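Worksheet: the structure to be examined is printed underneath.
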Amino acid sequence: MDTYKGRLEVICGSMFCGKSEELIRRLRRAEIARKNILVFKHSLDDRTTLEHVVSHNGTKIRAFPVEKHTDILKLVTPEIDIVGIDEVQFFEPSVVATILELVDKEKHVIAAGLDLDFRGIPFGSIPPLLAVADSVIKLKAICIQCGNDAHFSQRLVNGKPAKFNDPIVMIGAEESYQARCRECFKIDLNPKVNYEQKQL
Ligand code: ZN
C-alpha cells in the first residue's frame, strides 16, 4: 500500500548554524532520488542572489523569490514532490496555513528558519510550525566568544550589543550578527520579560 506522502520537516536554529546548508543537503538528496523539488525564499531575503538559496559556506540551489506565502500555492504544481522554504520566519504567521495545505496535498515540505530573534524571543510562525511538524531539527552554531555550542543570534549595532527595544531596521547604523551561547548572549532586558508580560 502506498504511504501518505504529505509531511513537514522544520530545520531551525540561530544564525550561522547551517540551516540553509542542511536544507540544500536534503533537497540535493531528493534530486538524486529523482524527486521533483521546488524551492522558495522570501523576496525580502536579499542576503545573496534572488534566484538561489545560498548557505554561508557557499552551496546553493535554485529558488523562487516570493513576496507572499500564498504565492507558493500558485506555483506548486501536482508533479512537485518536495517543497523547500528557506528563511520561513520572514513570511507572515499565516504561512503555517499555507504549509499545512501543501502537506494536505501530499507534499513533503522542508522549511528552514530562525527560531529566535535577536532579543531571544521565538520568531513569528516558527513555534506553531515546530508544533505541527512531523520532525524538527534544531541545529547549533559555535559561540564566537567562547567556542561552546550557540543557539542565540547576537545583534550588534555599531559594534555593541543591540538593545531589546531597538527597531528592527536602524537607518545609518552598522549592523552585524554573531552566533553566541546563552552565557555570552547580551541584551539589556532578559528575554523572559516577554512571558511575564503575557501573564501566562
Ligand atoms: Zn559563549
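Condition first: buried (at least 22 other Cβ atoms within 10 Å of the Cβ) and among the aromatic types (Phe, Trp, Tyr). Now tell me which residues in the range 104-158 satisfy that.
Within the range 104-158, Phe118, Phe152 meet the criteria.
Just name the residue that is modelled with the lowest pLDDT out of those in the range 48-72 that are in contact with a Lys or Arg (Cβ under 9 Å, 6 or more places away or on another chain) and not in a strand (DSSP E or B).
Selected residue: Thr48.
Any residue at all in the range 159-170 that's of a type outside the set (D, E, K, R), near the ligand (Cβ under 10 Å from one of its atoms) and more than 20 Å from Gly124 (Cα to Cα)?
Within the range 159-170 (the criterion being of a type outside the set (D, E, K, R), near the ligand (Cβ under 10 Å from one of its atoms) and more than 20 Å from Gly124 (Cα to Cα)), the answer is no, since none of the residues qualifies.
Pairs only if they're at least six apart or on different chains, beta carbon under 6 angstrom, first in the range 159-186 and open to solvent by 100 Å² or more (accessible area, probe 1.4 Å), second in a loop (DSSP other than H, G, I, E, B); list them, first residue then second.
Lys163/Asp188; Glu174/Asn158
All but one of (1) in contact with a helix residue (DSSP H, G or I) (Cβ under 8 Å, 6 or more places away or on another chain); (2) closer than 20 Å to Arg7 by Cα; (3) among the polar types (S, T, N, Q) hold for Ser94, so report the exception by its number.
Here Ser94 meets the rest and fails (1).
Residue pairs, Cβ under 6 Å, 6 or more apart or interchain, first in the range 76-91 and over 15 Å from His108 (Cβ atoms) and open to solvent by less than 20 Å² (accessible area, probe 1.4 Å), second β-branched (Val, Ile, Thr) and modelled with pLDDT under 95. List them.
Going by the 6 Å Cβ cut-off, the qualifying pairs are Asp86/Val53.
Can you pull out the residues in the range 136-151 that are hydrophobic (A, V, I, L, M, F, W, C), more than 13 Å from Gly113 (Cα to Cα), more than 7 Å from the ligand (Cβ to nearest atom) and assigned to a strand (DSSP E or B)?
Of everything in the range 136-151, those that are hydrophobic (A, V, I, L, M, F, W, C), more than 13 Å from Gly113 (Cα to Cα), more than 7 Å from the ligand (Cβ to nearest atom) and assigned to a strand (DSSP E or B) turn out to be Ala141, Ile142.
So for the range 125-133 (the condition being hydrophobic (A, V, I, L, M, F, W, C) and over 19 Å from the mean Cα position of the chain (by Cα)), does at least one residue qualify?
no
Which condition from (1) closer than 30 Å to Ala33 by Cβ; (2) within 16 Å of the ligand (Cβ to nearest atom) is the one that Val132 breaks?
(2)
Considering only residues that are at pLDDT 95 or above, open to solvent by 20 Å² or more (accessible area, probe 1.4 Å) and either part of a strand (DSSP E or B) or more than 28 Å from Ala179 (Cβ to Cβ) (or both), which ones fall in the range 3-32?
Arg7, Glu9 - these are the residues of the range 3-32 that are at pLDDT 95 or above, open to solvent by 20 Å² or more (accessible area, probe 1.4 Å) and either part of a strand (DSSP E or B) or more than 28 Å from Ala179 (Cβ to Cβ) (or both).
The values are calculated or read from the model by the stated rules, or taken from the named source; none is laboratory data. Predicted model only: the values in this text are computed from it and were never measured. Cβ: placed from backbone, ideal geometry, glycine included. Neighbour counts: every protein chain shown. Ligands, DNA and RNA are stripped out before the accessible areas are found, and what is left, the full protein with its side chains, is counted by its heavy atoms. Shrake-Rupley method; radii C 1.70, N 1.55, O 1.52, S 1.80 Å.
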